[in-house]
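Accompanying notes for the structure given below.
The values are calculated or read from the model by the stated rules, or taken from the named source; none is laboratory data. These figures come from a predicted structure and were not determined experimentally. We place every Cβ from the backbone using ideal geometry, glycine too, and count neighbours over all the protein chains shown. Note: accessible area is taken over every heavy atom of the protein model, side chains too, but ligands, DNA and RNA are not part of it. Shrake-Rupley method; radii C 1.70, N 1.55, O 1.52, S 1.80 Å.
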Amino acid sequence: MANLGVNVDHVATLRQARRGVEPDPVRAAHEAEIGGADCITVHLREDRRHIQDGDLERLKPLVITKVNLEMAATDEMVAIARRIGPDMVTLVPEGRAEVTTEGGLPAAQRMSALRDAVARLLDAGVPASAFIDPDPAQVDAAAEAGFTACEIHTGPYAHAFRAAAGDLRDARVDRELARVREAGARAADRGMRFNAGHALNYHNVAPIAALPGLWELHIGHSIVARAVYAGLRGAVAEMKRIITEAAR
Ligand code: PXP
């Protein structure tokens, strides 16, 4: 069964709306762990729009599962990761104008910069995962750059699922699911862990959670959105239940 990584960025987004102290993403991480999260993800963006450096510093010693730091492959971020020592880094492309991460890392096109960032992270004992589109060329490039894991972008699958109103017999859903499955299998063949995430929710997660060899799912928005009604602990527990059942 896949691990569940819970992204608490959106808790910080709400706090930053008033530049206040609550809700606190570190307390949210604790709630998520009680609900069954296997990993806590935060994205320290260049513009610090939600998670702040101090959040990461407080999070690291308090998280009892694992900290996954999402970040761009810049010198500044690599230096922060080397200093704080998260359990894993996920390298993502970052655009200032985007609302959330939009596409996968162009690993094949940015090979030398990525190889350098991965080596500097590994030198500090931090394994790196590449957030990439479900594209065989990107999987091969991630392997060549020395990544330990690939997080396969599930956005196109989620988009197809929504367009098909959740009908798994729809050819668009089938095609996008197959792309994720094949990219994940290729990553595993090349000795990397197969993670997946982006735009997954309570309705579309099961077919992804059932994919063979899946190591970890990273989910944020839908869980934090559900938490507004159900509380974070319960929202995480419900996602965990769906993932567990899908894996059976
Ligand atoms: N994985 C990566 C690499 C991401 O950038 C994000 C968004 O921060 C997620 C997973 C979670 O996506 P969502 O919030 O849509 O669940």
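How about the stretch 121-142: which of its residues are away from the ligand (no atom under 11 Å from the Cβ) and over 11 Å from Ala108 (Cβ atoms)?
Going residue by residue through the stretch 121-142, those that are away from the ligand (no atom under 11 Å from the Cβ) are 121-128, 133-142.
Within the stretch 121-142, Leu121, Leu122, Asp123, Ala124, Gly125, Val126, Pro127, Ala128, Pro134 meet the criteria.
If a residue has to be over 12 Å from Gly5 (Cα atoms) and open to solvent by 30 Å² or more (accessible area, probe 1.4 Å) to count, how many in the stretch 25-52 make the cut? Write out each step before concluding.
So in the stretch 25-52, the residues over 12 Å from Gly5 (Cα atoms) come out as 25-28, 30-31, 34, 43-52.
This time we only want the ones that are open to solvent by 30 Å² or more (accessible area, probe 1.4 Å), so: 27, 30-31, 34, 46-49, 52.
Total satisfying the criteria: 9.
Kindly indicate whether Glu33 is away from the ligand (no atom under 16 Å from the Cβ), modelled with pLDDT of 95 or more and touching a helix residue (DSSP H, G or I) at 6+ places or on another chain (Cβ under 7 Å).
Judged against the criteria, Glu33 is not a match.
Looking only at the stretch 150-174, how many residues end up being within 22 Å of the chain's Cα centre (by Cα) and not β-branched (Val, Ile, Thr)?
Within the stretch 150-174, the subset within 22 Å of the chain's Cα centre (by Cα) is 150-162, 173.
Next cut, not β-branched (Val, Ile, Thr) only: 150-151, 153, 155-162.
So the count comes out to 11.
Based on this model, can you work out whether Ala124 counts as under 12 Å from Val89 (Cα atoms) and open to solvent by 10 Å² or more (accessible area, probe 1.4 Å)? So that I can check it myself, show each step before the final result.
Details: under 12 Å from Val89 (Cα atoms): yes; open to solvent by 10 Å² or more (accessible area, probe 1.4 Å): yes.
Spelling it out, Ala124 is indeed under 12 Å from Val89 (Cα atoms) and open to solvent by 10 Å² or more (accessible area, probe 1.4 Å).
Results for (1) in contact with an Asp or Glu (Cβ under 8 Å, 6 or more places away or on another chain); (2) at pLDDT 95 or above; (3) assigned to a strand (DSSP E or B); (4) open to solvent by less than 70 Å² (accessible area, probe 1.4 Å), shown as yes or no for each residue.
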site: Phe147; (1), (2), (3), (4): no, yes, no, yes
site: Arg172; (1), (2), (3), (4): no, yes, no, no
site: Glu182; (1), (2), (3), (4): no, yes, no, no
site: Ala196; (1), (2), (3), (4): yes, yes, yes, yes
site: Ile208; (1), (2), (3), (4): no, yes, no, yes
site: Ile223; (1), (2), (3), (4): no, yes, no, yes
site: Ala237; (1), (2), (3), (4): no, yes, no, yes
site: Ile242; (1), (2), (3), (4): no, yes, no, yes
site: Glu245; (1), (2), (3), (4): no, yes, no, no
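Being aliphatic (A, V, I, L, M), without any contact (Cβ under 8 Å) to a residue 60 or more places away in the chain and open to solvent by less than 70 Å² (accessible area, probe 1.4 Å) is true for just one of Val63, Val11. Which residue is that? Even if it seems obvious, please write down each step before you answer.
Working: Val11 fails: without any contact (Cβ under 8 Å) to a residue 60 or more places away in the chain.
Answer to the selection: Val63.
Tell me which residues, restricted to the stretch 210-221, are open to solvent by less than 30 Å² (accessible area, probe 1.4 Å) and under 24 Å from Asp189 (Cα atoms). First the steps, then the outcome.
Of the residues in the stretch 210-221, the ones open to solvent by less than 30 Å² (accessible area, probe 1.4 Å) are 211, 214, 216-220.
Across the stretch 210-221, the qualifying residues are Leu211, Leu214, Glu216, Leu217, His218.
Listed here are the residues, each with its yes/no results for (1) in contact with a helix residue (DSSP H, G or I) (Cβ under 7 Å, 6 or more places away or on another chain); (2) in a loop (DSSP other than H, G, I, E, B).
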residue: Arg48; (1), (2): no, yes
residue: Lys60; (1), (2): yes, no
residue: Ala79; (1), (2): no, no
residue: Val89; (1), (2): yes, no
residue: Gly95; (1), (2): no, yes
